[in-house]
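Student: Attaching a single structure in structure tokens format; questions to follow.
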Amino acid sequence: MTGNRRPFLQRALGAAVAATLTASLGLASQGALAQPLEKLTVRLDWVTWGSHAALHLANQRGWFKEQGLELVVEDGNGSVTTVQLVGTGKFDVGHASLAPMIIARNKGLPIKAIANFARKNDIGLMIPKGGSIKSPKDLAGKKLIFTAGSLEAPFLDTFLAAGGLKRDQVELLAVDAASKIPSYIAGRGDGVFSSVPNVLPVVEGPRQSEAILFADVGLQFPSFGLIASEDSIKAKPVALRKFASVMAGTWIYIQRDKAHVDEAVAAILAQRAQSKLDPKSMKGMVEEFMTFFNTPQSGGQPPGVMVPVEWTNGLKVMENAKLITAANAAEYYTNDMLDLDLMKKIGAR
């Protein structure tokens, strides 16, 4: 009898141990799931437009939460303002035009680019299609709409100078961010300065337009990307690296397939339902924005990665335009906040 009981007791003891281990693992798993997400405060450059597609899609798919992040996102009213707020520590990270960031850092604001999506300068002047305006020299006496705190403001004099004009030879109409595009559509100006890929698809229907790119008159430098203060980079390097990498990886994903573009647009519309956005215009923005991802110097690098020659050349252009003093481009950005493996993983989904 005793001999028969021993295997039974061993099996019972083994089952008990197994049950205890299973319970412990279950509790550990629950504890891991219960870990609080790390909050990141994010300031955008503007109200919703196509350059925000990766943010909305990654949020919709839960890719930020998957990396342990919880985002607190606030709309912006211009890249210049976003740069100031992020640089002074009001937000952990910002999505903005990188040119105002370069100018601000050159003046002493401790801020850097941690990702660069649109490497070609996207700033330009939208003008009626087929009209008399073909280049900056045709702008004398014209009324041009802009926003004082936005991405184009620091470059207006240089843009006009490309046509041999000075500021007093045109009428500059300053409006707030929300009024900018409606003012142009309503015909209150002969042109509007803004981000070409984000604005041209919007005005195409009500006021068919074309654009003069700043890059076409020699103003080529890095455009949209992510920025963070040096303090934020030191305090939250892991969280910022995850955020920037998910954003970059999501752009890789969107680029892969037209169906992914549609998915990104659907995510924007779902998360900004109260804005009553036009799906066709939004899709046009996303598609146009991606055409600005590369320059002849990009060398096939994925979205987000900073290319040294582009930054060196871009800062030289800004120096020649007297927008900054001589600078070492490598001090203005870091690729350390990009995890190429995570980017590839997200992009391949």
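Student: From the residues in segment 128-182 that are within 24 Å of K322 (Cβ to Cβ) and among the hydroxyl-bearing types (S, T, Y), which one is modelled with the highest pLDDT?
Tutor: S135
Student: For segment 45-80, give me the residue count where each residue is crowded, with 21+ Cβ neighbours inside 10 Å and closer than 30 Å to P154 by Cβ.
Tutor: Residues flagged as crowded, with 21+ Cβ neighbours inside 10 Å and closer than 30 Å to P154 by Cβ within segment 45-80 amount to 14.
Student: Next question. May I ask you to verify whether A99 is surrounded by 24 or more Cβ atoms within 10 Å (Cβ to Cβ), under 14 Å from the mean Cα position of the chain (by Cα) and not in a strand (DSSP E or B)?
Tutor: On the way: surrounded by 24 or more Cβ atoms within 10 Å (Cβ to Cβ): yes; under 14 Å from the mean Cα position of the chain (by Cα): yes; not in a strand (DSSP E or B): yes.
So A99 passes the test.
Student: From the list Q30, Q60, exactly one residue is modelled with pLDDT of 95 or more, of a type outside the set (K, R), in a helix (DSSP H, G or I) and more than 30 Å from D231 (Cβ to Cβ). Which is it? So that I can check it myself, show each step before the final result.
Tutor: On the way: Q30 fails: modelled with pLDDT of 95 or more.
The unique qualifying residue is Q60.
Student: Taking into account only those residues within segment 317-342 that are in contact with a Phe, Trp or Tyr (Cβ under 9 Å, 6 or more places away or on another chain) and assigned to a helix (DSSP H, G or I), which is surrounded by the fewest Cβ atoms within 10 Å (Cβ to Cβ)?
Tutor: My answer is A330.
Student: State all residues of segment 167-215 that are in contact with a Lys or Arg (Cβ under 8 Å, 6 or more places away or on another chain) and among the basic types (K, R); if no residue qualifies, say none.
Tutor: The one that is in contact with a Lys or Arg (Cβ under 8 Å, 6 or more places away or on another chain) and among the basic types (K, R): R188.
Student: If you go through segment 226-234 one residue at a time, do you hit one that is farther than 28 Å from D336 by Cβ, surrounded by 22 or more Cβ atoms within 10 Å (Cβ to Cβ) and either among the small types (G, A, S) or under 21 Å from the mean Cα position of the chain (by Cα) (or both)?
Tutor: no
Student: Next question, about the same structure. Which fully enclosed helices (runs of 4 or more DSSP H) of segment 110-214 have 3 or more residues being surrounded by fewer than 21 Cβ atoms within 10 Å (Cβ to Cβ)?
Tutor: Those helices (runs of 4 or more DSSP H) span 156-161, 177-185.
Student: Separate question: Residues P302, P308, P296: which one is without any contact (Cβ under 8 Å) to a residue 12 or more places away in the chain and not acidic (D, E)?
Tutor: Within the list P302, P308, P296, the selection yields P296.
Student: Filter segment 81-90 down to the residues that are surrounded by fewer than 24 Cβ atoms within 10 Å (Cβ to Cβ) and either of a type in the set (F, W, Y) or in a helix (DSSP H, G or I) (or both) and list them by number.
Tutor: T81, Q84, L85
Student: Counting only residues that are surrounded by 15 or more Cβ atoms within 10 Å (Cβ to Cβ) and not in a loop (DSSP other than H, G, I, E, B), how many does segment 296-311 have?
Tutor: Result for segment 296-311: 3.
Student: Sticking with this one: Go through (1) in contact (Cβ under 8 Å) with a residue 40 or more places away in the chain; (2) within 13 Å of G50 (Cα to Cα) one by one and return the number of the condition D262 breaks.
Tutor: (1)
Student: Please verify whether segment 273-287 includes one or more residues that are assigned to a loop (DSSP other than H, G, I, E, B), in the same structural domain as M101 (by TED's automatic domain parsing), without any contact (Cβ under 8 Å) to a residue 24 or more places away in the chain and not aliphatic (A, V, I, L, M).
Tutor: Scanning segment 273-287, I find at least one residue that is assigned to a loop (DSSP other than H, G, I, E, B), in the same structural domain as M101 (by TED's automatic domain parsing), without any contact (Cβ under 8 Å) to a residue 24 or more places away in the chain and not aliphatic (A, V, I, L, M), so the answer is yes.
The values are calculated or read from the model by the stated rules, or taken from the named source; none is laboratory data. These numbers were taken from a predicted model, which means no experiment stands behind them. Please note: Cβ atoms are built from the backbone with ideal geometry, for glycine as well, and neighbour counts cover all protein chains shown.
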